[in-house]
Amino acid sequence: MPNPKRKHTPHRRDCRRSANSKLDMPNLSKCSNCGAVKLPHKICHECGFYNGKLIMPKKVKKSAESVESSDKRGSINNDNRS
Ligand SMILES: [Zn+2]
């Protein structure tokens, strides 16, 4: 029974594995309403439009809350430093 003469080096092994592990970029399309890059057959996350119709109106309240919470986090971090 023929056997390999030498063990493959870690570099050779890693090169072989990395050649098959590269992820493909998803297909991207532009939103017909705002022109933002989005996934095809999905609602645009920028404006909430799909196929020229408003499906998901953009929420303004949530973003204001997130800004407030981030400010609180920043103040907490500052307190910890001092
Ligand atoms: Zn859009």
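The values are calculated or read from the model by the stated rules, or taken from the named source; none is laboratory data. Quick caveat: nothing in here was measured; it's all calculated off a predicted structure. Reconstructed Cβ throughout: ideal geometry from the backbone, glycine too, with neighbour counts over all protein chains shown.
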Original post:
In the stretch 19-31, how many residues are small (G, A, S) and either over 30 Å from K53 (Cβ atoms) or at pLDDT below 90 (or both)?
Top reply: 2
**OP:** Just give me the residues in the stretch 23-36 being surrounded by 11 or more Cβ atoms within 10 Å (Cβ to Cβ) and either more than 11 Å from the ligand (Cβ to nearest atom) or not in a loop (DSSP other than H, G, I, E, B) (or both), in sequence order.
**Re:** S29, K30
Original post:
Within the set of pairs 6+ apart or on separate chains, which have a first residue in the stretch 24-43 that is within 15 Å of K58 (Cβ to Cβ), a second that is surrounded by 12 or more Cβ atoms within 10 Å (Cβ to Cβ) and among the aromatic types (F, W, Y), and C-beta atoms under 7 Å apart?
Top reply: C31/F49; N33/F49; I43/Y50
**OP:** Take the stretch 1-22 and flag every residue that is surrounded by 10 or more Cβ atoms within 10 Å (Cβ to Cβ) and part of a loop (DSSP other than H, G, I, E, B).
**Re:** H8
**OP:** Check the stretch 1-18 and report whether any residue there is away from the ligand (no atom under 11 Å from the Cβ), under 22 Å from the mean Cα position of the chain (by Cα), at pLDDT 85 or above and not hydroxyl-bearing (S, T, Y).
**Re:** no
